[in-house]
Amino acid sequence: MTLIKVDGEEIEVPGELTLLQACEAAGAEIPRFCYHERLSIAGNCRMCLIEVKGGPPKPVASCAQNVRDLRPGRDGAPPELFTKSEMVKKAREGVMEFLLINHPLDCPICDQGGECDLQDQAMAYGVDGSRFVENKRAVEDKYIGPLVKTIMTRCIHCTRCVRFSAEVAGVPELGATGRGEDMEITTYLEHAMSSELQGNVIDLCPVGALTSRPYAFQARPWELTKTESIDAMDAVGSAIRIDTRGRTVMRILPRTNDAVNEEWISDKTRFIWDGLGAQRLDRPYVRRNGRLEPATWSDAFGAVAAKLGASDPNRIAAIAGDLAGVEEMFALKALMSSVGTPHIDCRQDGTKLNPEHGRESYLFNPTIAGIDQADAVLIIGANPRHEASVVNARIRGAWRRNETRIGFIGEPVDLTYPYDYLGAGPDTLVQVAAGEHPFSEILKTANRPLILVGQGALARPDGDVVLSRAAKIAVTGENEGDWNGLAVLHTAASRVGGLDVGFVPGEGGHDVIGMVAAAAAGELDVMVLLGADEIAVEALGKTFVVYIGSHGDAGAHRADVILPGATFAEKSITYANTEGRTQMTARAAFPPGEAREDWAILRAMSGVVGHTLPFDSLAALRAALYKEHPHFARIDQIEGGSPATVSALASSEGKPSSDPFGLAVEDFYMTNPIARASAVMAECSALAATRIASAAE
């Protein structure tokens, strides 16, 4: 620790801190435009100037100098920093005056108005006039895709967007051309950006040069109600803020959570908000004479009760979709148990994960934050860039900072960082597990090896054997402490919660694949789909389908009765992310029309069919849930487990097939009903398809 004085107050700080960080640790406020805690130092805005006693006779850029570089006074006195001196005040006013030479005076119509760093700092640190009367320069706007809108005349060349694209996203498509007054920030060859994290440059831009194209001129920040919630577009559980005006979701922004998403979110998370209100189911429907017709809740429940009452329990099934919350699956499982059917499942993709092997067999055990400490990574049958973009950025960060070696088994993909391609399928995995592959030695000698297993390797008939081989690699070697390197990467927000509550087939019950086959063979009379749209609904034959969901997607088109539900933004619901962290959303809006929360629909339906569930409120439902599964009451915590579970899993025998691993996500922008209802996601999907086709030519 180094002793320094900031504005007359002594403080001890680590020597590796920048002067900016040291001053802020002492309680001083340092303005900045180019500096960002998660990006490299650029030092090109000069707004963070401070005075260093005994230093050069001019202000110092506090972001570009470390505490250990300071010299003590002649008598050994600690170095002194001043953040409010006359020199600093004059320097900041001069910098602000320069920044505003060419900046357009369009604050009243600027998309960033009310949330602009330049606006705020001009008010706090600027002067009341300018000595420059020359004409302002103008820069032609660039098209960089359907997500980010550019008005580059406003750009102050802080290069935050450039550094983010190159360092965090790993897709260096933004850069500077020209010099001096001719300098411009643009994409190379002026094409659309292709990163799945590109929307984060909107948050990074301290002026209105880069703003959200879909949100442009939709609302002002002071009109919006802000609700802190959790994302459900993947299994990462990113911390988000949902902004609404009235009953309408207007935008989604990230919240900082260093343990999960840091302060980034994927483009799908950020821009699906228009899909929350499109193609919605806002009233019950019943199929009559081959056509779905509007109905009352009583009529819809009556149709369900008549069919369930006339069916044998063993001919009734239920499937939970990828966006279902824990409370809903717990209630549906209780209802199906009281009916007497063992045919329930939450694994739409057919993955072979099962809670009977222990919770650690299906969790991202090293945790998402633990990726930062991994010194070797093996990716098996996954494309984290599409399946969990924020996790992929973490892996890239580990590669950049720690020079982490990364091996890959599966279909070759661009992961934004280099990796050793080991092979395409289980044969290579068996070699690595047996120590017969050159990469095996890297994993054995690593202190914290991370074995990332994707659903492309698990959602296949031999998925349990593949998982066993991955577990064997995870427990082989000299792991540090209690490090558990088996990391299962899920793609569905509901999956871990569903496995936790045991929403899997009971004794003699069919899994999803078996249910679809049984329905096609006429062996099922009734199937309840809780937002399940990713199954082969066209193969359900004459089975009576009850669909509880929010959007008119595949499940609703096949349904005989539709019971309209709510999205994750319209209810308070619990999820468990891929690492097993319990998270809870918050209601930001209300469902449209006659739609209701899914748990309330299940409770009402249970009374009509003669199997009344023992709760009448969400609080009572959660009390029952917490009694049976106490870890769901510990919000934002991860339930610890024993590595012995992974060791037992590693001892399983079996021989996997030789078929290569596939990809769990074919189209990043079209993975669930909300995304498929989004016009913005549809445009992004079409653009990505065009890009792939052009690359193949």
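Give, to the nearest whole percent, the P(r) tail of the stretch 1-84 beyond 22 angstrom, counting all Cα pairs. Intermediate results must be reported in sequence, preceding the final value.
Values: 573 of 3486 pairs.
Taking all Cα-Cα pairs of the stretch 1-84, the fraction more than 22 Å apart is 16 percent.
Taking the Cα atoms of the stretch 103-247, what is the range of coordinates along each of the three principal axes, in descending order and whole Å?
52, 36, 24
Measure out, as a whole number of angstrom, how far apart the alpha-carbon centroids of the stretch 355-408 and the stretch 527-547 sit.
Between the Cα centres of the stretch 355-408 and the stretch 527-547 lies a distance of 34 Å.
How much of PHE408 can a 1.4 Å solvent probe reach, expressed as accessible area in Å² and rounded to 10?
Probe radius 1.4 Å; accessible area of PHE408 about 0 Å².
Can you give the accessible area of VAL171, probe radius 1.4 Å, in Å² rounded to 10?
Rounded to the nearest 10, that gives 20 Å².
Sort the following peptides by mean Cβ neighbour count (other Cβ atoms within 10 Å, averaged over residues), highest first: 127-137, 385-395.
Descending packing order for the listed peptides: 385-395, 127-137.
Taking a Cβ-Cβ separation under 4.7 Å as the criterion for a possible partner, which cysteines of the chain have none?
CYS23, CYS48, CYS63, CYS107, CYS110, CYS116, CYS155, CYS161, CYS205, CYS346, CYS684
Which value, in Å², gives the accessible area per residue of the chain when a 1.4 Å probe is used on the protein heavy atoms?
40
For the chain, take the longest principal axis of its alpha carbons; what is the angle in degrees between that and the long axis of helix 618-628, to the nearest 10 within 0 to 90?
80
By per-residue mean of other Cβ atoms within 10 Å, what is the highest-first order of 503-512, 293-302, 268-277?
268-277, 503-512, 293-302
Mind listing the phi-derived Karplus ³J(HN,Hα) values for the stretch 207-218, rounded to whole Hz, using 6.51, -1.76 and 1.60 with θ = phi - 60°, and x for any glycine or proline?
10, x, 6, 10, 9, 6, 5, x, 8, 3, 6, 7
Taking the Cβ of ARG154 as the center, what net charge do the other residues with Cβ under 14 Å away carry, scoring Lys and Arg +1 and Asp and Glu -1?
After counting each charged neighbour, the total is -2.
Go through GLY397, ALA176, ALA589 and say which Cα lies farthest out towards the positive end of the charge dipole of the chain; charges sit on Cβ, +1 for Lys and Arg, -1 for Asp and Glu.
Farthest towards the positive end: ALA589.
Taking the alpha-carbon distance from LYS5 and a cut-off under 29 Å, which lysines remain once sequence neighbours fewer than 8 residues away in the same chain are dropped?
LYS53, LYS58, LYS84, LYS89, LYS90
Dipole of the chain, Cα-centred, from +1 at each Lys and Arg C-beta and -1 at each Asp and Glu C-beta, to the nearest 20 debye?
Rounded to the nearest 20 debye, it is 920 debye.
In sequence order, what are the phi-derived ³J(HN,Hα) couplings for the stretch 237-254 according to the Karplus relation 6.51 cos²θ - 1.76 cosθ + 1.60 with θ = phi - 60°, rounded to whole Hz, with x for glycine and proline?
Computed from phi, the couplings for the stretch 237-254 are x, 4, 6, 10, 10, 9, 9, 10, 10, x, 9, 10, 6, 9, 6, 10, 10, x Hz.
Can you give the net charge of the other residues whose Cβ lies under 13 Å from the Cβ of ARG245, counting K and R as +1 and D and E as -1?
Details: positive: ARG220, LYS226, ARG247, ARG251; negative: GLU223, ASP243.
In short, +2.
Post the alpha-carbon centroid distance, the stretch 200-272 to the stretch 650-677, in whole angstrom.
Measuring centre to centre over Cα atoms gives 28 Å.
Taking the Cα centre of the stretch 190-298 as origin, work out the dipole magnitude from +1 charges on Lys and Arg Cβ and -1 charges on Asp and Glu Cβ, in debye rounded to 20.
It works out to roughly 800 debye.
Place +1 on the Cβ of every Lys and Arg and -1 on the Cβ of every Asp and Glu in the stretch 335-483, take the dipole about the Cα centre, and give the residue among GLY423, HIS386, ASN447 whose Cα lies farthest towards its positive end.
Result: HIS386.
Can you give me the angle between helix 598-608 and the longest principal axis of the chain, using Cα atoms only, in degrees from 0 to 90, rounded to the nearest 10?
20
If eta is 1.002 mPa s and T is 20 °C, what Stokes-Einstein diffusion coefficient results for the stretch 162-296, Kirkwood Rh from Cα pairs, in µm²/s?
Using the Kirkwood radius from Cα pairs, D works out to 122 µm²/s.
Between SER651 and ARG255, what is the spin-label point distance in nm, taking each point 7 Å from the Cα along the Cα→C-beta axis?
In this crude spin-label approximation the distance works out to 4.3 nm.
Which value in deg cm²/dmol, rounded to the nearest 500, describes the helix-derived mean residue ellipticity at 222 nm for the chain, given -39,500 (n - 2.57) per DSSP H run of n ≥ 4 and division by the residue count?
So the helix-based figure for the chain works out to -7500 deg cm²/dmol.
Counting only residues 5 or more places away or on other chains, whose amide H sits under 5 Å from the amide H of ARG460 once H atoms are built in the peptide plane?
Close amide H contacts, sequence-distant or interchain: LYS352.
May I ask you to work out the translational diffusion coefficient for the chain at 25 °C, viscosity 0.890 mPa s, via Stokes-Einstein with Rh from the Kirkwood sum over Cα pairs, reported in whole µm²/s? Don't skip to the answer; put the middle values down first.
Numbers: Rh = 27.6 Å.
For these conditions, the coefficient is 89 µm²/s.
Packing-wise, with mean Cβ within 10 Å as the measure, how do 252-265, 324-337, 89-102 rank, highest first?
324-337, 252-265, 89-102
Measuring from centroid to centroid over Cα atoms, what is the spacing of the stretch 122-174 and the stretch 47-121 in Å?
So the two Cα centres are separated by 19 Å.
Given ALA519, MET681, CYS45, which one lies farthest toward the positive end of the charge dipole of the chain, if we put +1 on the Cβ of every Lys and Arg and -1 on the Cβ of every Asp and Glu?
So the residue furthest toward the plus end is CYS45.
Could you work out how far apart the two model spin labels at ALA536 and GLU403 are, taking each label as a point 7 Å from the Cα in the direction of the beta carbon, and quote it in nm?
About 5.0 nm separates the two model spin labels.
Among all the lysines, which ones have a C-alpha under 28 Å from LYS627's C-alpha, if same-chain residues fewer than 8 places away are not counted?
LYS333, LYS352, LYS571
Students often get this wrong: which residues of the stretch 287-307 have the backbone nitrogen under 14 Å from the point 7 angstrom along Cα-to-C-beta of ALA604?
Inside the label zone: 295-305.
Please list 3J(HN,Hα) in residue order for the stretch 70-84, calculated via the Karplus relation 6.51 cos²θ - 1.76 cosθ + 1.60 where θ = phi - 60°; whole Hz, with x for glycine and proline.
For the stretch 70-84, the Karplus-derived couplings read 6, 9, x, x, 4, 9, x, 5, x, x, 10, 10, 10, 10, 10 Hz, x marking Gly and Pro.
Below 12 angstrom from the Cβ of TYR547, what's the summed charge of the other residues (Lys, Arg +1; Asp, Glu -1)?
Surrounding charge for TYR547 is -2.
So which lysines pass the test for LYS268, namely a Cα distance under 18 Å, with those fewer than 8 places away in the same chain ruled out?
Leaving aside lysines fewer than 8 places away in the same chain, those within reach of LYS268 are LYS149.
If the only charges are +1 at each Lys and Arg Cβ and -1 at each Asp and Glu Cβ, what is the size of the charge dipole of the stretch 55-157 around the Cα centre, to the nearest 20 debye?
400
The values are calculated or read from the model by the stated rules, or taken from the named source; none is laboratory data. All values reported here derive from a predicted model rather than from experimental measurement. Because the Cβ atoms are built from the backbone with ideal geometry, glycine has one as well, and the counts that use them run over all protein chains shown. Surface accessibility is based on the protein's heavy atoms, side chains included, excluding ligands, DNA and RNA. Shrake-Rupley method; radii C 1.70, N 1.55, O 1.52, S 1.80 Å.
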